[in-house]
Amino acid sequence: MEVIKDKYGRGFRTLRVSLLQQCNLGCVYCVAGEEDGKQASAGKEGLLEASDLLAIIRRLHGQLQLENIRLTGGEPLLYPGLAGLISGIRAAGIPAIRLTTNGFLLGRQAVQLKAAGLEALNVSLDAVDEDVFFRISRRHSAKRVIEGIDAAVQAGLNVKLNAVVMKGVNDSQIMPLLDFAFSRGLRIRFLEVMAMGHLHNQAGQYLVSQEEILETIGRHHRLEPLPRALSATARYWKTEAGHVFGIIANESEPFCRDCDRLRLDSSGNIYGCLSSNQPIRLSLQEAEEEWNGKLERALLQKQALRFTGSELSMLRIGG
Ligand code: SAM
């Protein structure tokens, strides 16, 4: 197949796969409450068998020559047979396999995941203080997640931290999180909250902008901006001591112009853009022409300039 590109020269080089909708935390940016979380997690209808999921990934890679794949969810460490899936993806020849997790089950699984061929993971850690962690995730699990992070580093995985910053919820944690990351020699990225799912119409009230995050950190460190890599979601800054941190500023500084991401959910739907809530269902039985037409439709979903919001939660579409 010819490489598909849109008028901005964008194609698909990165695949994000949401393995399941279940999660063992109840983060306030993802779900409105426990009931909402349970409901979002309940729908198992139409979920792909692991072998079909792998077959779709292989077929996409055969066409798109993917450079990397990120497994996410829901919570990917709840996916039965995760290590087997990773080995299968490795055998398919996708160069970089990464995963995004809340870290709750990482202590138990880190060694096995590394052995299966996982190289790198992002751990979502929105607070180091146990009370604030509870306020944002509805669980008292900061200590356990931190132990998971340490286990992953110990297992030889390349670990990055992600923290969504929400006004009045966990914005007190910017410096404690930064200090935690620096003390472990880990790279942390702060995320502006996005207008998704139940926050679709009210993310603005929780937004802590890139400028505000930099202002907070700038009170403690002299900062030097680093050049942004092509199709990267984060921009990075270096402190005078040489520590590096990033900000993913979806609102203040959108990065749609060179986005190369394609998303696949646990039912076999693809999405070309987070802003879109129009799933496009792939089927392995489809002939090449039909399948390719769907990829072209997904590419057309990409926004030109900025994220415009989505009624779908990241829990469903995969963060
Ligand atoms: N359970 C895994 C985890 O916690 O990392 C993977 C899935 S979770 C949906 C992935 C990430 O999506 C979250 O940690 C968070 O960084 C991001 N996310 C979800 N909803 C968001 C929102 N409304 N705004 C910004 N980031 C969001």
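The values are calculated or read from the model by the stated rules, or taken from the named source; none is laboratory data. Computed from a prediction, not measured in an experiment: that's the story for all the values here. Note that each Cβ is placed from the backbone with ideal geometry, even for glycine, and that neighbours are counted across all protein chains shown. These accessible areas exclude ligands, DNA and RNA; they are computed on the full protein's heavy atoms, side chains included. Shrake-Rupley method; radii C 1.70, N 1.55, O 1.52, S 1.80 Å.
Here are a few things to note about the model shown:
- Test: residue in segment 302-311 that is more than 14 Å from Asn250 (Cβ to Cβ), more than 19 Å from the chain's Cα centre (by Cα) and in a strand (DSSP E or B): no
- Failed criterion for Asp265 (all others in (1) closer than 24 Å to Ser124 by Cβ; (2) open to solvent by 20 Å² or more (accessible area, probe 1.4 Å); (3) touching a Ser or Thr at 6+ places or on another chain (Cβ under 7 Å) hold): (2)
- Given (1) in a loop (DSSP other than H, G, I, E, B); (2) over 17 Å from the mean Cα position of the chain (by Cα); (3) at pLDDT 90 or above, number of the condition Cys273 does not satisfy: (2)
- Residue among Ala152, Ala163 that alone is surrounded by 22 or more Cβ atoms within 10 Å (Cβ to Cβ) and away from the ligand (no atom under 12 Å from the Cβ): Ala152
- Take the conditions (1) surrounded by fewer than 17 Cβ atoms within 10 Å (Cβ to Cβ); (2) not in a loop (DSSP other than H, G, I, E, B); Gln278 misses just one of them, which is (2).
- Filtered by the rule that a residue be surrounded by 13 or more Cβ atoms within 10 Å (Cβ to Cβ), of a type outside the set (Phe, Trp, Tyr) and either part of a helix (DSSP H, G or I) or more than 15 Å from the ligand (Cβ to nearest atom) (or both), segment 187-210 gives Gly197, His198, Leu199, Ala203, Gln210.
- Which numbered condition Met196 fails, given (1) farther than 19 Å from Leu226 by Cβ; (2) modelled with pLDDT of 95 or more: (2)
- Residue match in segment 228-248 (condition: assigned to a strand (DSSP E or B) and within 11 Å of the ligand (Cβ to nearest atom)): yes
- Within segment 276-293, at least one residue is away from the ligand (no atom under 16 Å from the Cβ), touching a strand residue (DSSP E or B) at 6+ places or on another chain (Cβ under 9 Å) and hydrophobic (A, V, I, L, M, F, W, C).
- Of all residues making up segment 123-145, the number that are without any contact (Cβ under 8 Å) to a residue 40 or more places away in the chain, in a helix (DSSP H, G or I) and open to solvent by less than 30 Å² (accessible area, probe 1.4 Å): 2
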